[in-house]
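Student: Dropping a structure here in structure tokens format, bear with me for questions.
The values are calculated or read from the model by the stated rules, or taken from the named source; none is laboratory data. Predicted model only: the values in this text are computed from it and were never measured. Note: ideal-geometry Cβ built from the backbone for every residue, glycine included; neighbour counts use all protein chains shown. To get the accessible areas, we keep the full protein, side chains included, count just its heavy atoms, and leave off ligands, DNA and RNA. Shrake-Rupley method; radii C 1.70, N 1.55, O 1.52, S 1.80 Å.
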Amino acid sequence: MAEIRLSTVGQGQTKIRNVPAALTQEDFWCFPSPVVFQNTIKAQNPLNKTKPSSPTPKTTVQKKQTPFNERKPPPTPLRSVVVSDDQRNRCSDTPGVSVSIVNERTPRLKIESLPRKVAIEFGEPGTSDMKVVLLGKQGFCVKLSVHKKVLEENSSFFANKLSEEEFSLSCLEIDDCEDVEIYVETMGLMYCKEMKQRLIKQSVSRVLRILKCAELLSLNTCIQSCLEYLEAVPWVGEEEEAKVVSLVTRLQNEGIGVTPVLKRVFSNVANPSKDTISHIMELVLKSNEEKGRREMKSIVLKLLRENSSLPSYAGSSDICKETIYSSCTICLNSLLSLFKKAAEPEFTDKPVNSKQTVVKQIALEADNLSWLLEILADRQAADEFALMWSSQQELTALHSKLPIVSRYHVSCITSRLFVGIGRGELLPSKDTRHLLLQTWLQPLISDYSWLQHGCRSFDRKVVEEGIGRTILTLPLENQQTILLSWLGTFLKSGDNCPNLQRAFEVWWRRTFIRPYME
């Protein structure tokens, strides 16, 4: 049972925590618990408050017992060596670490003139031959009893400092430590034969703090152990991944080998492979499992949207466009083949299962084309698709020969094209827009009643606005021809026909009320 003693002292004195038997040359290191540091800071009284004197409280903390062959006689409590700011000689040899060399024989200042501090001491003076003092913010101080040999063997930073001194150096101070707790733990790792095993139960964020400190102190073995840990442990979340990549990339710029860690996020291939994207698209398009296919279509669409928003992915954008249009051609050919099969006279005499299989395949290919169109529209690359769809006169001719329950899925593709043109997402040529209306508006009207009741994603108002705006982009004569044809159908079908009254009103005003040219 180890004992941690907290001494309460008067105003201007130093509060000292003694942690005995913490460090020896026999590779034994008792890592300071974060609670020790936190409780020590909380125990510090504000400067503007005074408390009546009270007996020194004693806190007993139970620690893991040391094996019998490693037990040592309890050392006597240490006294912290407090050095004034005027006596510290700052050294700027290493960026980010300020070091002061202190002779332990320096006369002690009067206790009344010292600033108020909280100090923790680690180590055994009986086995150590040097002290390292860590000076943190707000007067927080940690003194470590260490060994010169261990410092020189593990840290080029300490080796350089010790070699610079002609006299026997007994105390070294490190000023402005932002993370004193991690400094203590990192120093302790020098005494561990298996550093990686010590890091196994640590969090990624804590290992990153240790790695940063090890870099400042030039602890090459510790750096390597941290990198091995980061290479093997999972990174949870994008924020944690970004922190790891940021720190490791900076180490790479300083000449430290970090390739195994970065291989998790960086590929030797400059741009994503065309074959890889094509293979992913093929797997999704050919899937027959409805739930999995629907979820993966949503995920791939989301990821492609993220890619298209980054200028650095211009190369992969071209590859993706080529792959998508190749898939569109395959799906269109398959859809046309299925329509031909369903339009055959003997198709009605086939078994029910056989007919249902063809109907499901038609719905699947139509859904695939709708998904591909959505991807192209997000990437502002759907103009060519509009031309391809407008040119499907053979498919349109077969459309009327199929039952509405088998064919209405293709009208969803037509609706999406009209919505895209109406929103300005697509900018096909005038001839393409006119051909699209001539080829597919009447089949859409024929399926309109079924679309309203049998298609959950169908939004009547949005589609009607898209059709009307598409018509109004044509020359006035073409607007008149299409709208008069629509009017005859609307007067017969009513709600079973798209309501294009708003487009009709615009055409009327352009023609009869305020003509722009005589």
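Rundown of residues vs (1) closer than 29 Å to residue 306 by Cβ; (2) among the basic types (Lys, Arg); (3) not in a loop (DSSP other than H, G, I, E, B), yes/no style:
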residue	(1), (2), (3)
364	yes, no, yes
374	yes, no, yes
401	no, yes, no
408	no, no, yes
436	no, no, yes
440	no, no, yes
457	yes, no, no
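Student: Also: If you check every pair at least six apart or on different chains, which have Cβ atoms under 8 Å apart with a residue in the stretch 476-498 that is at negative phi first and a residue that is part of a helix (DSSP H, G or I) and open to solvent by 70 Å² or more (accessible area, probe 1.4 Å) second?
Tutor: 476/510; 479/510
Student: Can I ask one more? If I filter the stretch 323-337 down to residues being open to solvent by 20 Å² or more (accessible area, probe 1.4 Å) and not hydroxyl-bearing (Ser, Thr, Tyr), which single residue comes out as nearest to residue 382 (Cα to Cα)?
Tutor: For the stretch 323-337, the residue satisfying everything is 330.
Student: Could you list all residues from the stretch 479-518 that are in contact with a Leu (Cβ under 8 Å, 6 or more places away or on another chain) and part of a helix (DSSP H, G or I)?
Tutor: To start, the set of residues in the stretch 479-518 that are in contact with a Leu (Cβ under 8 Å, 6 or more places away or on another chain) comprises 479, 482-483, 486, 490, 498, 500, 503-504, 506-507, 510-511.
Correct list: 479, 482, 483, 486, 490, 503, 504, 506, 507, 510, 511.
Student: What's the number of the only condition in (1) crowded, with 20+ Cβ neighbours inside 10 Å; (2) within 15 Å of residue 417 (Cα to Cα); (3) more than 47 Å from the chain's Cα centre (by Cα) that residue 442 fails to meet?
Tutor: Exception for residue 442: condition (1).
Student: Sticking with this one: Identify all residues within the stretch 376-395 that are in a helix (DSSP H, G or I) and either open to solvent by 20 Å² or more (accessible area, probe 1.4 Å) or among the charged types (D, E, K, R) (or both); write none if there are none. Walk me through how you get there before you give the answer.
Tutor: First, pick out the residues of the stretch 376-395 that are in a helix (DSSP H, G or I): 376-378, 383-390, 393-395.
Within the stretch 376-395, 378, 383, 384, 387, 388, 393, 394 qualify.
Student: Can you find a residue in the stretch 340-353 that is touching a helix residue (DSSP H, G or I) at 6+ places or on another chain (Cβ under 7 Å), assigned to a helix (DSSP H, G or I), open to solvent by less than 10 Å² (accessible area, probe 1.4 Å) and among the small types (Gly, Ala, Ser)? Reasoning before the result, please.
Tutor: Going through the stretch 340-353, the residues touching a helix residue (DSSP H, G or I) at 6+ places or on another chain (Cβ under 7 Å) turn out to be 340-343, 347.
Now narrow it down to the ones that are assigned to a helix (DSSP H, G or I): 340-343, 347.
Now restrict to residues that are open to solvent by less than 10 Å² (accessible area, probe 1.4 Å): none.
So far as the stretch 340-353 goes, no, none of its residues is touching a helix residue (DSSP H, G or I) at 6+ places or on another chain (Cβ under 7 Å), assigned to a helix (DSSP H, G or I), open to solvent by less than 10 Å² (accessible area, probe 1.4 Å) and among the small types (Gly, Ala, Ser).
Student: Here are 421, 413: which of them is within 20 Å of residue 326 (Cβ to Cβ) and surrounded by 15 or more Cβ atoms within 10 Å (Cβ to Cβ)?
Tutor: Numbers: 421 fails: within 20 Å of residue 326 (Cβ to Cβ).
From the options 421, 413, the qualifying one is 413.
Student: Residue 218 passes all but one of (1) open to solvent by 10 Å² or more (accessible area, probe 1.4 Å); (2) assigned to a helix (DSSP H, G or I); which number fails?
Tutor: So the condition that residue 218 fails would be (2).
Student: Output the number of the condition that residue 325 fails; it satisfies all remaining conditions of (1) aromatic (Phe, Trp, Tyr); (2) under 25 Å from residue 391 (Cβ atoms); (3) over 42 Å from the mean Cα position of the chain (by Cα).
Tutor: (3)
Student: Answer yes or no: is there a residue in the stretch 254-265 that is part of a helix (DSSP H, G or I) and open to solvent by 40 Å² or more (accessible area, probe 1.4 Å).
Tutor: To start, the set of residues in the stretch 254-265 that are part of a helix (DSSP H, G or I) comprises 259-262.
Right, trim to open to solvent by 40 Å² or more (accessible area, probe 1.4 Å) and you get 259-260.
Yes.
Student: Could you say which residue among 440, 450 is within 28 Å of residue 368 (Cβ to Cβ) and in contact with a Ser or Thr (Cβ under 7 Å, 6 or more places away or on another chain)?
Tutor: On the way: 450 fails: in contact with a Ser or Thr (Cβ under 7 Å, 6 or more places away or on another chain).
Answer to the check: 440.
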